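The values are calculated or read from the model by the stated rules, or taken from the named source; none is laboratory data. Since the model is a prediction, treat every value here as computed from it, not as a measurement. Cβ placement follows ideal geometry from the backbone for every residue including glycine, while neighbour counts extend to all protein chains displayed.
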Amino acid sequence: MAAANKDKNGVQMLFPSKSGGNKYYLSDADNINGGKFITTDQNNAEKQTEGNLAFWRVLGKDVHYSDQSIGKTIRVNINAGGGLNGNQKNTWEDNPKYIWTNKDSKNAEFTYYIRCSGKISGHGIAANHVTCSSKFRGGIHTGQHNPQASCCELVLRVGEGNSSLNYNFEYNHPDYVNDGEGTNKLQANNDTEVGKWFGRKTIVWTNSDGKSVTARDYMDLDPYNANGKPKNNWKPLQEKVFRTISRGTEDGTKYNVPPLWGGMFTSRVDGFQTVDYAIVSLREIKKLI
């Protein structure tokens with residue numbers, strides 16, 4: 001594989017970079033917890049190493065569900081154009097070009113390597129709420145029926161195979177909507193395992209029709225060589241074309257516009273005590289399709 005096809009961390013770039021486009025690498029940062037380009041949602045985190053591999057161990061934060069069960073959630077938010085330490089400017093209801101700033105990430109390749117450990121057990125909502133989501137083109141996730149979220153997501157469940165592949169619109173938080181069609185299964189399988197590293201790329205672009213957005217997941221289930229460097233065994237896992245959805249949310253809102261705006265990307269993992277993050281990046285790509 002030619003060096004020109006790899007980024008600064010040795011990760012294969014599946015889509016070419018946009019000339020002059022924004023990019024962000026966690027390896028350049030001293031802190032995963034907060035700043036202009038990256039934040040967690042107040043998750044405690046510590047930088048660690050194993051051999052030559054450096055990573056951040058992020059601790060799950062308690063989530064209290066309606067049935068009194070207690071789960072865990074972790075969010076790592078990235079916007080290569082910055083803006084996460086300021087006020088969110090727009091919501092999806094504003095028919096915006098961007099959510100945070102006019103430099104928001106939009107057509108982008110979002111890469112992260114993770115290891116999920118300490119799966120929640122027991123009963124109730126907490127034990128069932130065990131997901132690994134890539135969210136994109138979004139904003140703040142707080143409140144009830146709050147349009148600041150403005151995002152969509154591709155979903156898998158770690159260790160639970162292809163039947164767990166899914167997606168959602170979440171323009172208003174926390175009103176998830178799914179039309180029941182599922183995603184388009186591609187070449188790879190969701191053979192992720194609890195306690196084992198895997199790489200994930202979620203690549204998002206606006207289609208040439210100007211009325212739809214494609215999100216595609218790639219997986220690398222054998223991610224590192226003996227020196228802790230990427231092996232780049234990327235294979236496509238699932239794909240969804242996001243247009244509009246006419247089903248209403250709990251408060252009657254319909255998500256009747258496609259997610260054409262720019263915003264932040266988020267890796268959200270629920271149901272685990274810790275998630276280790278390594279080699280995280282977000283890079284604007286050329287719009288090819």
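Conditions (1) over 11 Å from the mean Cα position of the chain (by Cα); (2) hydroxyl-bearing (Ser, Thr, Tyr); (3) more than 25 Å from Tyr224 (Cβ to Cβ), marked per residue:
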site: Lys97; (1), (2), (3): yes, no, yes
site: Ser105; (1), (2), (3): yes, yes, yes
site: Ser117; (1), (2), (3): yes, yes, no
site: Gly124; (1), (2), (3): yes, no, yes
site: Ala127; (1), (2), (3): yes, no, yes
site: Val130; (1), (2), (3): yes, no, no
site: Ser134; (1), (2), (3): no, yes, no
site: Arg137; (1), (2), (3): no, no, yes
site: Cys151; (1), (2), (3): no, no, yes
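Of the residues Ser164, Ser134, only one is over 21 Å from Met264 (Cβ atoms) and not aromatic (Phe, Trp, Tyr); which?
Ser164
Mind checking which residues of segment 8-60 are more than 15 Å from Ala80 (Cα to Cα) and of a type in the set (Asp, Glu)?
Selection gives Asp30, Asp41, Glu46, Glu50.
Is segment 40-62 home to any residue that is closer than 15 Å to Ser105 by Cβ and among the small types (Gly, Ala, Ser)?
no
Does Tyr25 fit the bill of being surrounded by 13 or more Cβ atoms within 10 Å (Cβ to Cβ), at pLDDT below 95 and either of a type in the set (Ser, Thr, Tyr) or within 23 Å of Cys116 (Cα to Cα) (or both)?
no
Could you check segment 31-107 for strands (runs of 3 or more DSSP E) lying wholly inside it with 2 or more residues that are touching a Lys or Arg at 6+ places or on another chain (Cβ under 6 Å) and closer than 26 Å to Thr131 by Cα?
On the way: elements: 38-40, 45-50, 53-59, 61-64, 70-78.
Once the strands (runs of 3 or more DSSP E) in segment 31-107 are filtered for at least 2 residues that are touching a Lys or Arg at 6+ places or on another chain (Cβ under 6 Å) and closer than 26 Å to Thr131 by Cα, what remains is 45-50, 70-78.
Give me the residue from segment 28-45 that is among the aliphatic types (A, V, I, L, M) and closer than 17 Å to Lys61 by Cβ and, out of that set, surrounded by the most Cβ atoms within 10 Å (Cβ to Cβ).
In this case the residue turns out to be Ile38.
Take segment 146-174 and flag every residue that is assigned to a loop (DSSP other than H, G, I, E, B) and either hydroxyl-bearing (Ser, Thr, Tyr) or loosely packed, with under 14 Cβ neighbours inside 10 Å (or both).
Once the filter is applied, which keeps residues that are assigned to a loop (DSSP other than H, G, I, E, B) and either hydroxyl-bearing (Ser, Thr, Tyr) or loosely packed, with under 14 Cβ neighbours inside 10 Å (or both), segment 146-174 yields Ser150, Gly161, Tyr171.
Test of understanding: among Val63, Val11, Val76, which residue is over 19 Å from Ala278 (Cα atoms), of a type in the set (A, V, I, L, M, F, W, C) and in contact (Cβ under 8 Å) with a residue 40 or more places away in the chain? Steps first, please.
Working: Val11 fails: over 19 Å from Ala278 (Cα atoms); Val76 fails: over 19 Å from Ala278 (Cα atoms).
When all the criteria are applied, what remains is Val63.
Each row is one residue, and each column tells you yes or no for (1) in contact with a His (Cβ under 7 Å, 6 or more places away or on another chain); (2) within 22 Å of Phe37 (Cβ to Cβ); (3) surrounded by fewer than 22 Cβ atoms within 10 Å (Cβ to Cβ).
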residue	(1), (2), (3)
Gly228	no, no, yes
Asn233	no, no, yes
Arg243	no, no, yes
Gly263	no, yes, no
Gly271	yes, no, no
Ser281	no, yes, no
Lys286	no, yes, yes
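Would you confirm whether or not segment 87-96 contains a residue that is touching a Ser or Thr at 6+ places or on another chain (Cβ under 7 Å), surrounded by 16 or more Cβ atoms within 10 Å (Cβ to Cβ), among the hydroxyl-bearing types (Ser, Thr, Tyr) and in contact (Cβ under 8 Å) with a residue 12 or more places away in the chain?
Checked segment 87-96: at least one residue is touching a Ser or Thr at 6+ places or on another chain (Cβ under 7 Å), surrounded by 16 or more Cβ atoms within 10 Å (Cβ to Cβ), among the hydroxyl-bearing types (Ser, Thr, Tyr) and in contact (Cβ under 8 Å) with a residue 12 or more places away in the chain.
Kindly check whether there is at least one residue in segment 193-208 that is surrounded by fewer than 18 Cβ atoms within 10 Å (Cβ to Cβ), more than 20 Å from Arg57 (Cα to Cα) and of a type in the set (D, E, K, R).
So far as segment 193-208 goes, no, none of its residues is surrounded by fewer than 18 Cβ atoms within 10 Å (Cβ to Cβ), more than 20 Å from Arg57 (Cα to Cα) and of a type in the set (D, E, K, R).
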